[in-house]
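The values are calculated or read from the model by the stated rules, or taken from the named source; none is laboratory data. Here the structure is a predicted model, which is why all the values come from computation and not from measurement. Glycine gets a Cβ as well: all are built from the backbone with ideal geometry, and neighbour counts include every protein chain shown. For accessibility, only protein heavy atoms count, side chains too; no ligands or nucleic acids. Shrake-Rupley method; radii C 1.70, N 1.55, O 1.52, S 1.80 Å.
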Amino acid sequence: MAIQKVLRIGDPTLNRVSQIVKEPTSKAISDLIEDMFDTMYHYEGAGLAAPQIGVLSRVVIFGFEHNPRYPDADPVPATVLINPEIEILSNEMIADWEGCLSVAGMRGWVPRNARIRYSGLDQHGENQAGA
């Protein structure tokens, strides 16, 4: 479809609350997901949330075969999560350097829970989950 502009840190849209997607199998959501993948791959990202392109819907994508920004990372299957939820499985923390397309040119040392489970729907209305 189309490569979208990625909003940068400081844009007020990034501070707004996203809305639950009520029709995950709609053409509008399918088109949004296509645009998100086009945009993420164009900017060599590993993941992207809809608000990063100015759409306040609870849609997240991630995945790549090879990513020049993360040359040592193992491939991650392309994943779509509509109305995602995260469950913390461990209070153990790990940290690593991460980047964000909305914070261009910078990386930060980010602590995260070592074990989580994520879930949501894909654009076909199928449950998606992983840990």
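Just checking, how many residues over the range 83-104 are closer than 24 Å to Leu56 by Cα and out of contact with any Lys or Arg (no Cβ under 7 Å at 6 or more places or on another chain)? Walk me through it before giving the result.
Taking the range 83-104 as the starting set, the residues that turn out to be closer than 24 Å to Leu56 by Cα are 83-87, 98-104.
Remaining after also requiring out of contact with any Lys or Arg (no Cβ under 7 Å at 6 or more places or on another chain): 85-86, 100-101, 103.
Total meeting the criteria: 5.
Keeping to the range 77-109, report how many residues are assigned to a strand (DSSP E or B), free of Cβ contacts under 8 Å to residues at least 24 places away in the same chain and not acidic (Asp, Glu).
Pass one, the range 77-109, residues assigned to a strand (DSSP E or B): 77-88, 93-99, 107-109.
Then keep just the ones that are free of Cβ contacts under 8 Å to residues at least 24 places away in the same chain; that gives 77, 93-98, 107-109.
This time we only want the ones that are not acidic (Asp, Glu), so: 77, 93-95, 97, 107-109.
Residues flagged as assigned to a strand (DSSP E or B), free of Cβ contacts under 8 Å to residues at least 24 places away in the same chain and not acidic (Asp, Glu) within the range 77-109 amount to 8.
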message: Which of the numbered conditions does Ser57 fail, given that it passes all the others? Conditions: (1) crowded, with 17+ Cβ neighbours inside 10 Å; (2) among the small types (Gly, Ala, Ser); (3) farther than 30 Å from Ser26 by Cβ.
response: (3)
- request: Determine, yes or no, whether Gly45 is among the small types (Gly, Ala, Ser), open to solvent by 40 Å² or more (accessible area, probe 1.4 Å) and assigned to a loop (DSSP other than H, G, I, E, B).
  value: no
query: With Pro12, Pro51, Pro24 as the choices, which residue is open to solvent by less than 60 Å² (accessible area, probe 1.4 Å), modelled with pLDDT of 95 or more and more than 15 Å from the chain's Cα centre (by Cα)?
result: Pro24
message: If I filter the range 68-97 down to residues being loosely packed, with under 12 Cβ neighbours inside 10 Å and under 13 Å from the mean Cα position of the chain (by Cα), which single residue comes out as nearest to Tyr118 (Cα to Cα)?
response: Glu85
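I'm checking my understanding of the structure. Among residues of the range 110-131 that are in a loop (DSSP other than H, G, I, E, B) and not aliphatic (A, V, I, L, M), which one is least open to solvent (accessible area, probe 1.4 Å)? Even if it seems obvious, please write down each step before you answer.
Taking the range 110-131 first, the residues in a loop (DSSP other than H, G, I, E, B) are 114-115, 122-126, 131.
Subset that is not aliphatic (A, V, I, L, M): 115, 122-126.
On the way: Arg115: 134, Asp122: 19, Gln123: 56, His124: 129, Gly125: 35, Glu126: 107 Å².
Going through the qualifying residues, I end up with Asp122.
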